[in-house]
Structure formats: C-alpha cells, structure tokens
Amino acid sequence: MRIQPREQLLTLWRSVVEVSLQDEKWKWGGRYERNSISDAEQLLTIMYPATELTNFRLHVPDRTAPDVLDALKELGDAIDIPQRLVDALIEHIEHYTDDDGPSFPGGSYFKSNDPERDPTPDQLKIDMVDSFSMAVTLMLNTLGFVRGFNASENADLVKRLEHLESIASQRLTAAMVGLLRSFVINVFTPDSQEGRSLLRSVNQSSRSPQRVAEELRISLQEIRASLGDVTFGFSGAPPELLENRNRLFEIGWTWGVADDAPKVEIAPSAKGQRIGVAESAPFLYFTVNALDGIADLFSGRTTVLGLLDEDQQRLATALRLRWELTQRYWSTIATFGEGTRWPLEDLPWRTTDNKESEHFSLLIASLLIQDLQIRKTVNVDLRRVADILDELGQRGRVTRRAASGDFALQLHVPGTEIQLGGTRGVGGGPSLYWRLNDYAPLLLKNTLRLARLVLDSDVREQLVQSADQIWEHLAVRRIDAEIGTGLWDDAAKAFENIQEHNDLPSWYYTERVVECIVMTVNLMSTPPPRSLQLLSYARDILNEADNLFDLEVLDTNVVAKGNLSAELEDARHKLIHAREIVTTRPATSVGLAMDVLRLLERVSVARGIADEGAG
C-alpha cells in the first residue's frame, strides 16, 4: 500500500503537539471553539494509536520507541509524555462534569438555521450522540492506558492515576446510559410518507407495494420479535409494532437523548440523566457513530483488561442487543430482494423523510459492512459492495476529477446538512442542524474494513488500490499553515473550484483520518486471502523440489565432505519449512523451493560437466 502508516502517524503527532501545546499548557479547540466532542477528538488523535497499536504505546517509558519520542519531544521525555496526557485527560473530564454529573454537549458543532440568530446557551448544552460515542472510545482508551501504567515509585502520580480512573469510569457509565436513551424505534404504516419512501427504496423490481411490504415484513420478523426484549433506557418496543404486524419500522440512534426516553434504572451509579429533546426517529449518521463506539465495548482489549465494572457490563449487554439488531436491520434493508439490484446499489440513498445523498449511501454501506464483520456467514457478494464503494468514490469526486460547478463538491464543502428535530424553542432558540464533512475519510474507512473481510485476492487488490487513491486525495487536503501543517482539512487544496482555504485544524476530520491510519496498520497485519491457484502451484513446485532433492541425495556419496554436503543439509531444512508454511504463506514457500531447485540445477550441471571431462 502507498500509505506509510508509521511515517504518517509520527508526522501527524508532531503537528498535533505543535498545535495543542502552547506556553507549556494544553490548548483546546481548533477550527471551532472547544466542545465535548472536539476535545475528545483532539485527545484521540494521540490516545487512539497509543492504545491500539503496540509500537506506539506510551504508558511504559522503557519501551517507548525512539522515533515516537522524537515525534512527541515537545511534551517532554518518555516519563513526561504519559504524565502530560494524564493531566490533559483529567482536565477534559472535569471540564465536562458538573453537580449533575458528566455532560456531553455539542456546543460549537451546532449550527443555526436562522442566519440572524445564534444557538442559545441552553441549546449549546444539549447532549449529543457523537459525544456519547467518542466518550466511550476515549474512556476505554483511558482506562486501558491507566491499567498499563507503572507508577509505583511516584506517590503523586499514583494518586492522579487513581483519580483519572475513577472519573473516566464515571464518564464511561454516563456515556453508555446516554447511548441507551438515544436508541429509538420509529413505527409507521405502509401508506404513510415514511412507509412509501421505504418501500420505494427496497422495491427494485417494480412489484406491487403490497407484495413488497409483505416480503419486507417476513424478512424483518425475527428482528421485530427481538425488539420486544429492548427495555433498558426504553419503554420497550411500541405496542403497535408487536401487536400489529402490518406496521413497518426503522431502528437506530437519534441525534441525542430521545424526547420520550425514560431514565435508566439498571445503573445506580449513573448521574445526570437529563430530559431528552431529540426527535424519536433514527438518523443514519448518528446510528453509524453510535455503533462504532459501542463496538469498542466488546473488543478483545476491553475484555482482556477487564475495563468494565458490573454496572457497565449490564449496560453493555443492553447496548449489544441494540447494536446487533440495528446492524441486521440495515443490512437487510440494504440488500433486500433476490436476483435483483440491491436497494443500496440504487444510488443515491433516499431516507424515509425523502432526503437524498451519496453520503447517506456511504452510511448505509458502513452499516452493511459492520454487519458482515460480526456475521461472517452472511451470504453477500462482497465484490458488489466493493463496486458500490468504488462508484461512491467517483460520485463524491474523491477518485475522479471535479468539473466546474460540480454539485458533488457540496459533500465536502459545506457538507451534508442534517436537521436536528426537537431543537427549536430550547432556551427560546432557533432550530439547529448538524453538518457532515467526513465523506472522504468515511469512504476510506469502509474500503479498509471491507478489504479485511474479502477472501478473493482480486477483490482485495481492487480495494487496496482504491484505498491508495483515496489516501492520495486525503493527503492533498492537509492544511499548510505556520502551526499545525499536516493536519486536516483544507478541501480547497484538492478542489480548484473551492476558493476558501482553511489553516486551522479540524479535530473532527483529523481524528477520522487517524482512525483510517490505524485501520491501515490492522489491514497490513492481516494475512492476504488464500489463493487456491497459488496454493496448488506451490504444492506442485514443492513436489518437484522434493523429488529432485531425494534423487540428488540418493546419488551423493554419504561420506562426501565439503560444501555440497552442507548445502544439501541447508536445502533439506528449507524444504521442511516450505512444507510447514505452504498453506499460510504459499508464495514464500515457492521462494524457498525455488532456492532449492536452483541449487539442484547447479549441482546437476556441474556433475554433467565433470562426467564429460572424465569421458
């Protein structure tokens, strides 16, 4: 791959520290004033790689790599760096904790629909799903970071670490509760606006809406039945969903705590369960982000380190049910129908409120790929998914040149707007919206995810080449400023039709690029899919090498000494090793066998020349 993740991360870390450390203090904010999401994103640019990648670990000073120390040298030496991060994490958590407990406000990320009015102070304090999700990831990273810290000789540091572990656990619990209270089920009739839109999306063969509705109900009946078990942070599946099988439904996460969400009683330690205001309808963007955060609760690292307490384990169980059902639901919708075009292939995706965007198609693809990750037995043609991502790259002008006045540029600047139903009137303020600017990194993230799943070497190669193209696009978009050069995002550098440059870092965008770099490392660490043709070829080569080697040994004087005996013994060990690895590394096995064949041919030629001379 053209992406060089180690070099990219180290370069990025230098820029992060350059921007974040000013006058020996941690400086929050970037393109936008600090808020709970931006702060978490800023910290995760360092914390996520430092906890997910072994070669970038920072909590064991004696094992910190020299090039990592050089990249972070402005924070101090191997002992200073983790302590500086501890201080920044404590400051972040305490800043968003009040008498009612942890808070998760959207703050400066909220946008007003009224150009004459800014969001009110009460609106800026509304808790957001993005903040819940980012907090889950960051707090799990923090707890793992603390657990691996050896500070037994420093009493003051031990006390700070104990404090950090305590407040991080409290914030994690509150974020998990927030995610539970943001999960929604939207029920509607087939002849409603939502019903007609959903049926139009899944009907790819011009059949009657009645027949499609019946087939869809059958496809979703297992999910419908399982929704009866959704209880924590929710009053359960709406009675009309379980009692009236003719109803259709959507599930997922709304943008904040739902306006009908009850309090969660399962976690007595959870504080500050504020009244929700968010519209009780799922949003694709917030659903994808919620699922990403929830997935971290079940990672091997979370389990091995035992990062969750009893309350959190109960919350995680409840979230896992929603996590699995949501992915299965959207995967079913995306690929509904047999022998026809998938609804996902009918670009761009249209939501049930009749909004269309390639960004929504990319979000649906993300939900499908996440489902395929956990249900590896699902019979889905991954080449079709790869082709969809390829077309979305072209449509989004990530892998194709943009024409003058190209409408697709709006996916990048100003971005896709999402209206936040329920915000109007909060604190006397206007209605608010959310802006999505992560099209390119989301495309790369899904491409890398899919590449890890495919078993077809040709499809994997297609995806790797696509990932390289997307990275080239992203690399161009790095900002070029006096401070923070190399962070993201300056879209004007990639699109000549965009005139306004940005020289302040967007932590929203930069953190998502960091996720992609970490995923690149994971892809590189995953063995490529096995090729049956290559395996068969390798075994044929080994068979010939084994046969010729046996014949050579048979013809060689057993008392012969010198170089030939040593070379044959080395060849024997190579063939043994080649046999051991032929199923997992067939190409390497072929290379070893070829070394042996070259030796045997050289010996054979030398013997022939010697025989001619003797004659």
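Summed over the stretch 244-299, residues that are aromatic (Phe, Trp, Tyr), under 22 Å from ARG224 (Cα atoms) and touching a helix residue (DSSP H, G or I) at 6+ places or on another chain (Cβ under 8 Å) total 3. Just one of the listed residues (THR317, THR287) is closer than 28 Å to SER219 by Cβ and without any contact (Cβ under 8 Å) to a residue 12 or more places away in the chain, and it is THR317.
In the stretch 69-89, the residues that are within 13 Å of GLU18 (Cα to Cα) reach residues that are open to solvent by 20 Å² or more (accessible area, probe 1.4 Å) with C-beta atoms within less than 6 angstrom, at least six apart or across chains, in these pairs: ALA71/ARG14; GLU74/LEU21; LEU75/ARG84. Within the stretch 56-93, if we keep just the residues that are part of a loop (DSSP other than H, G, I, E, B) and either within 19 Å of the chain's Cα centre (by Cα) or over 21 Å from GLU165 (Cβ atoms) (or both), the residue that is modelled with the highest pLDDT turns out to be LEU72. The number of residues in the stretch 20-48 being at pLDDT 95 or above and farther than 25 Å from PRO102 by Cα comes to 0. Note on the stretch 5-19: among residues that are closer than 26 Å to ALA467 by Cβ and among the charged types (D, E, K, R), the one that is surrounded by the fewest Cβ atoms within 10 Å (Cβ to Cβ) is GLU7. Taking the conditions (1) on the phi < 0 side of the Ramachandran plot; (2) in contact (Cβ under 8 Å) with a residue 40 or more places away in the chain; (3) open to solvent by less than 70 Å² (accessible area, probe 1.4 Å) in turn, LYS376 satisfies each one other than (3). All of PRO348, PRO343 fail the test of being open to solvent by 10 Å² or more (accessible area, probe 1.4 Å) and modelled with pLDDT of 95 or more, apart from PRO348.
Taken together, SER197, SER205, SER219, SER201 contain a single residue that is over 32 Å from the mean Cα position of the chain (by Cα) and farther than 30 Å from GLN312 by Cα, which is SER205. Of all residues in the stretch 20-55, those being open to solvent by 10 Å² or more (accessible area, probe 1.4 Å) and part of a helix (DSSP H, G or I) number 4.
Inclusion of PHE132 among residues that are outside any helix (DSSP H, G or I), open to solvent by less than 50 Å² (accessible area, probe 1.4 Å) and among the aromatic types (Phe, Trp, Tyr) is not warranted.
The values are calculated or read from the model by the stated rules, or taken from the named source; none is laboratory data. Please read all numbers here as calculations on a predicted model, not as lab measurements. FYI the Cβ positions are ideal-geometry reconstructions off the backbone, even for glycines, and counts take in every protein chain you see. Note: areas computed on protein heavy atoms with side chains; ligands, DNA, RNA excluded. Shrake-Rupley method; radii C 1.70, N 1.55, O 1.52, S 1.80 Å.
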